[in-house]
Structures are given as structure tokens and as C-alpha cells.
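Worksheet: the structure to be examined is printed underneath.
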Amino acid sequence: MDFDLIVRGGTLPDGRIADIGISGETITAIEPNLQGSARTEVDASGNLVSPPFIDPHFHMDATLSYGIPRINASGTLLEGIALWGELKPLLTHEAVRDRALAYCDWAVSMGLLAIRTHVDVCDDRLLAVEALLDVKKTIAPYIDLQLVAFPQDGFYRSPTARENTIRALDMGVDVVGGIPHFERTMADGTRSVTELCEIAAKRGLMVDLHCDETDDPLSRHIEQLAYETQRLGLQGKVAGSHLTSMHSMDNYYVSKLLPLIAEAGVSAIPNPLINIMLQGRHDSFPKRRGLTRVKEMQALGVRVGWGQDCVLDPWYSLGTADMLDVAFMGLHVAQMSSPADMARCFDMVTNVNAAIMGLDHLGLGVGKRASLVVLDASNPIEALRLRAERICVIARGKVVAERTRQDSRLSIPGRPAQVNRRHQAQ
Ligand code: FE2
């Protein structure tokens, strides 16, 4: 046998039709009419073959806990944080692990093969850190899991958060997190950005801060984050998550801020499902959307990826681990309706998110890891329109999920009995 696995005849996101040869865990050939045989062949003719979906912002310690001990009545970020505070003392290692593993099963079925999760370090037991480090090992054969040490209750505001953040990093957590807008004062928020970036620089780690997740136009911690990134030489290793205040900022100030973010090489991770749900709750009408300035940052070369943030937890009562849902919402709220922008939305939940997380081994290319997804769509825009079925998911050279094409049957006189979803609108 020439290969272990060949995916035949799929359409790549750039429109090329090609066969993909896989040996072991690696893509070893991508070419039309690939010669050779394999133990397993996947027929992808007429289907989109994509790099895996990647989520750069999630909370796996909270997922699938919706309703425990109660639901979020106001729907605000702040009640969500308070509710999470009620849930934290009830957590056990087993419960966190089991819910996370159940979520990872959903993720695999959706072709979501790399996730960056924040993990709350404001519980002195650090049991969620231990549980998710266990989960990371368990799922390593099919999902890349990156952990962020996240002082949810404030790096300074919570008395042991600073010490616990360091402990979590010592235990093997990958990325430094923070929440400057939740510190007691703007000045404390600014100081926390500086100290967290210094910790990351000293340890050679990446930074991903929940930054300015508020409708307050004067919440400007992203400015400090860009400054510290430059000062400490962290270019390319820092992300600002949410940045929702930028939606409400003064336009003149933004015209100064965006070039500073671009110059510093700071990435942005808006989370459209959650931002549209949580922000604007204090507004009457007009009601703000609470999504950061996506197209405007992209126009200056800032790397912007869509994140999911929450599924069935104190902040969000829905969700399916489907990054196409995330991109679909982002596309609408950011009004990314041109063909180029729609295609970019698909790229954001695959290649751009890989770049933000530093996952150079993922992507459709010879020498890359053989992790990919076959979708029941003919191109990325159609995949978004349909939130297309994932027909086959391959992780590290092995088929890990399969689903049949979804057809709908009609019983209408004079109409065909069966209509494929993809062709209904054509
Ligand atoms: Fe978050």
C-alpha cells in the first residue's frame, strides 16, 4: 500500500479538486488523480474537504452545567459570573472531567479538533485545572487542547488569584489569562495587564486576556495590552478576547487604537454568539450589538478569529460545538456579506484560529498533520449557509466520526419525492 488513507476527489476551500494521501498521522500528498492505493479510501467527490475547525476561546470547566444550581435570569455577564461563583463550590474533579469529555465528543462529531479553553484558577483547590489537564491527556489522540490560566474573579480582586495563576502555570497550563475589566479599578486592570504579560514573557508563554468585555466605551485595556506586547517583545503571541467595548468607543480614539494593535501583532478573538447575547443588556433602544470592529481590524492586517466561548453554561443556554454556527452569527452581526468576507469567515474558524493558537501543524498541506473534515457542501460559503453536515472527520490519520448525507423527503403531488438540502435553493 502506498498510503494508509486516501481522501478522493474532494474540493478544497480554494476551489481545487484533489486527492489527499495520508501516511500515518501526516498528509503526504495533495494532487489531482493521485496514483497509488490505501487500506482505506474516503470518497469525497462533490464535497468540501477542509482543515479542522478550531475554537480559540472556550470555557470547558463550565460547559454543560446549564441550570446548576439555577439559570441566569438577567442574561448579563455579571450575573453569569455570580452564578459561576455559586456553582464553583459544588464542582468535583469527576463532574468537570465528565462534562468536558462529553463536550469533546460533540466537538469531534462537528470536526472541531483544536480548542483553547480558559480554566478558572480562583478556586484554591484548582480542581478544574487538574481535571482539564487529565482531559487534555485523554483527548490528545484527536483534539489539541490548550489551557489558559484564567483568574475569573480578578487577578488582584480575588485574594489568592495571583498565587493560583502561578500554581496553575507550574502545573502545566499553557497560556496566561486575565480579566482586567473586572478588577476593582481601571488602574488595577491596567496593572494586571502589565504583570500578566511580564509573567508570560518570563516563562515564554502566550497571553490571552478577556479584555474589555463590556459596553463601557472607556474600557481601554486593549491599549495597554498592545503596549505591553511591544515592550516585552511578545508580538504574535498575544490575543485580546472579546474587545466588546471597542463597539462603543469614540471613532477618533479607535482611529489611533487600531494601528497600535496592528503594529503590536496582537490578535483579536470576538465571540459573536455570546457577545450579541450578553452585551447591550443595559441599553434601551437603540441597543448596541457589542461586537468588536472585525472588518476594520482585518483591513489593517490584524488577525481576527471567531471564538465560541460558551455552550450550555451560566452565560449561554444554547450551543452545539459547531464553529459554523459561530461563524454564521459573526458574519451577520459584523455584516460580512460580500463573497470575500463570507469566505473569510470560514477561514477564521479554521486557518486563522490555528495561527492565533500557534498550531502550525494544522492545515491542508503536505507535511501537515492529517486532521481534516469532509463536509456536505461544495464550497466554504455553502458550508456556512447550510451549517453543513460533517460527513467524515479525520484526526491524526484516523476516521473518528462519520455521518450520512442528510436528505429530506417530500410528499407533495407534482414535486420530486427527495430533495437534497444542498440543491433546495438552486
Ligand atoms: Fe470567555
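What ranking, highest mean first, results for peptides 116-122, 336-342 when packing means the other Cβ atoms within 10 Å averaged over each residue?
Values: 116-122: 27.1, 336-342: 13.0.
Ranking, from highest mean packing down: 116-122, 336-342.
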Report summary line: About its Cα centre, region 11-72 carries a charge dipole, from +1 on Lys and Arg Cβ atoms and -1 on Asp and Glu Cβ atoms, whose size in debye to the nearest 20 is 220
Report summary line: Sorted by chain and then number, the residues having a modelled amide H within less than 5 Å of the amide H of residue 401, at least 5 places away or on another chain, are 393
**Report entry** Compactness index (Cα Rg / 2.2 N^0.38 Å), region 1-65
**Finding:** 1.44
Report task. At 1.4 Å probe size, with no ligands or nucleic acids counted, give the accessible surface of residue 402 in Å², nearest ten. Result -> 150
Query raised in the report: When the chain is treated as a GNM, springs tying every alpha-carbon pair under 10 Å, which of 63, 194, 185 comes out with the largest mean-square fluctuation?
Result: 185
Query raised in the report: For residue 73 and residue 31, what is the calculated FRET efficiency with R₀ set at 51 Å and r taken between the beta-carbons, to the nearest 0.05?
Result: 0.35
Requested in this report: Give the Kirkwood hydrodynamic radius (Å, one decimal) of the chain, defined as one over the mean of 1/r across all pairs of different Cα atoms.
Outcome: 22.2
Query raised in the report: Can you give the convex hull volume of the alpha carbon atoms of region 255-306 per residue, in Å³?
Result: 88
Query raised in the report: So how strong a dipole does the chain carry about its Cα centre when Lys and Arg Cβ are +1 and Asp and Glu Cβ are -1, to the nearest 20 debye?
Result: 700
Query raised in the report: If you take the C-alpha gyration tensor of region 328-387, multiply each eigenvalue by 5 and take the square root, what semi-axes do you get, largest first, in whole Å?
Result: 23, 15, 8
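In what sequence, highest mean first, do 314-322, 81-89, 148-156 appear when ranked by Cβ atoms within 10 angstrom?
Numbers: 314-322: 20.2, 81-89: 15.9, 148-156: 26.1.
Listed from highest to lowest mean packing, they are 148-156, 314-322, 81-89.
Provide the gained length on full extension for the span residue 218 to residue 409, in nm with one decimal, where the gain is 0.36 nm per separating residue minus the Cα-Cα distance.
63.3 nm
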Query raised in the report: Taking the Cα centre of the chain as the origin and placing charges on Cβ (Lys, Arg +1; Asp, Glu -1), which of 418, 148, 312 is farthest toward the positive end of the dipole?
Result: 418
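Given a 1.4 angstrom probe, I'd like the percentage of the accessible area of region 53-356 that is carbon and sulfur, rounded to a whole number. Numbers along the way, then the final one.
Numbers: 6020 of 10770 Å².
Carbon and sulfur: 56 percent of the exposed surface of region 53-356.
The values are calculated or read from the model by the stated rules, or taken from the named source; none is laboratory data. Remember, predicted model here, so these are calculated numbers, not experimental data. Neighbour counts are summed over all protein chains in view; Cβ atoms, including those assigned to glycine, are modelled from backbone coordinates with ideal geometry. SASA here: full protein model, heavy atoms, side chains in, ligands and nucleic acids out. Shrake-Rupley method; radii C 1.70, N 1.55, O 1.52, S 1.80 Å.
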